[in-house]
1. What are the residues in region 63-116 that are within 16 Å of TYR292 (Cβ to Cβ) and of a type in the set (A, V, I, L, M, F, W, C), if any?
2. Just one of ASN377, ASN385 is in contact with a Leu (Cβ under 7 Å, 6 or more places away or on another chain), closer than 19 Å to ILE44 by Cα and open to solvent by 10 Å² or more (accessible area, probe 1.4 Å); which is it?
3. If I ask for residues that are within 16 Å of the ligand (Cβ to nearest atom) and open to solvent by 30 Å² or more (accessible area, probe 1.4 Å), which ones from region 225-237 would you list?
4. Give the residues of region 238-253 that are open to solvent by 30 Å² or more (accessible area, probe 1.4 Å) and either more than 10 Å from the ligand (Cβ to nearest atom) or not assigned by TED's automatic domain parsing to the domain that holds GLN188 (or both), sorted by residue number.
5. All but one of (1) under 24 Å from PRO368 (Cα atoms); (2) surrounded by fewer than 24 Cβ atoms within 10 Å (Cβ to Cβ) hold for GLU137, so report the exception by its number.
6. So which pairs qualify, if the first residue must be in region 381-407 and within 12 Å of HIS312 (Cα to Cα), the second must be in a loop (DSSP other than H, G, I, E, B) and of a type in the set (Gly, Ala, Ser), the Cβ gap must be under 8 Å, and the two must be at least 6 apart or on different chains?
7. For region 148-183, which residues satisfy the criterion of being more than 15 Å from ALA123 (Cα to Cα) and β-branched (Val, Ile, Thr)?
8. Give me the helices (runs of 4 or more DSSP H) completely within region 17-86, filtered to those with at least 1 residues that are at pLDDT 95 or above, ordered by residue number.
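The values are calculated or read from the model by the stated rules, or taken from the named source; none is laboratory data. As the structure is a computational prediction, the values presented were derived from the model and not from experiment. All Cβ positions, glycine included, derive from the backbone under ideal geometry; neighbour counts span all protein chains shown. For accessibility, only protein heavy atoms count, side chains too; no ligands or nucleic acids. Shrake-Rupley method; radii C 1.70, N 1.55, O 1.52, S 1.80 Å.
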Amino acid sequence: MKNGRNSPTCQRRIAVEECFAARMDSVHRSFIREILKVTADPSIISFAGGLPNPEMFPVQAMSEAASRILGGSTGAASLQYSTTEGDPVLRRFIADRYAKRGVEVDPDDIVITTGSQQCLDMAGKVFLDKGDTVVIERPGYLGAIQSFSVYEPNFVTVALQDDGPDLEELERAFAAGAKMFYAVPNFQNPSGVSYSAEKRAAVAELLDRYGVVFVEDDPYGELRFMGEHLPPVYSFRKKPGLLNGSFSKIAAPGFRLGWVVAPGVVRDKLVVAKQATDLHTSTLAQSIMRAYLEENDIDDHVETIRETYGRHREVMVEKIREYFPAQVRCTEPEGGMFLWATLPEGCSSMELFDSAIRRKVAFVPGAPFYADGGGDNTLRLNFSNADPERIGEGIARLGESIREFLD
Ligand code: PMP
């Protein structure tokens, strides 16, 4: 008997842990998801999560869209298998929104994905062989480090300055043979930093010159509270890269709807990679989102989110100026959901975390965002999720914890 109780494998009683693929050795559970367990206590004011504010979810309008889809003649089709590329009307809608912002995109070059997180996995699958070099920002998005790690690359990090990456470091990494550069040029997670127009152009030039694959992740670009909208690096390029977008921050993350823009030949490979993973993104989710977009003005909705998060950000920045000791440096982002704080050299934000929890306030220590170590004195603060009153109270508590800690 080959596979039964008496099979050789069964007699040897190999523990299932010994059967895990080697590639999973360097892929770890998300540190943030672990922290969220600690902060689930409602008495804790949490700046730890990366969650959009649920009050911004268009629940009523989505409920009506869902009823229209399921109650009408489209009901059965919305429950059927569909194409890997995704709903053509949704893709046209995304291309039209890019056009309004001056970015020319062919709807045929858009693939609807299961959240923009899936774009990272698809890019890894299509481009990365074991040992290939991926350049990422320092600090960088944890979800990308996790996603690419499955393909066993070698990570090289490049310092993120106030206006984008350190260009000398970036060029050095490209010249040393990097295959891919992953970046979040708008209101980056975790730092809130955005690339200046000059750095966007310079990064595009380097990418073109060295022929590096660029994965440009842009889930926060529409959440700008101040300053001028800047085109993606994608628009500065001679050779197009991959541009990822998402409905998570402008509508709701529970739909798990995102997209990737990629030129024909890359798009075709991405489609094959996605097909192998999930055949296609939920037809029902796409249908409801499409019905929502047809009947509602998403630009109005995004404006409401901008105003709300902008107010939250203002309160957080003001209270930080009031309560944090002067030695703590903080970014003051023009959009997005995160702000980044740097404690004096030698202070551990991991240790601060424990004393902050005693005061019932939480944040994410920065070290995990550094793919190759460091960042022990940094931390990430989210301002989208808590209301302004709790933001004020939380920052006051955190300020007390920091003062006590530094003393
Ligand atoms: N990229 C970045 C930079 C993010 O912050 C997130 C959300 N945490 C994602 C991708 C994934 O978002 P989603 O899959 O919901 O589109």
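1. ALA65, ALA66, ILE69, LEU70, VAL89, LEU90, PHE93, ILE94, ILE112
2. ASN385
3. TYR234
4. Listed by number, the residues that qualify are LYS238, LYS239, PRO240.
5. Against the list (1) under 24 Å from PRO368 (Cα atoms); (2) surrounded by fewer than 24 Cβ atoms within 10 Å (Cβ to Cβ), GLU137 comes up short only on (2).
6. ASN382/ALA48; ASN382/GLY49; ASN382/GLY50; ASN385/GLY49
7. Within region 148-183, VAL156, THR157, VAL158 meet the criteria.
8. Details: elements: 31-38, 59-71, 75-78.
Fully inside region 17-86 and qualifying: 59-71, 75-78.
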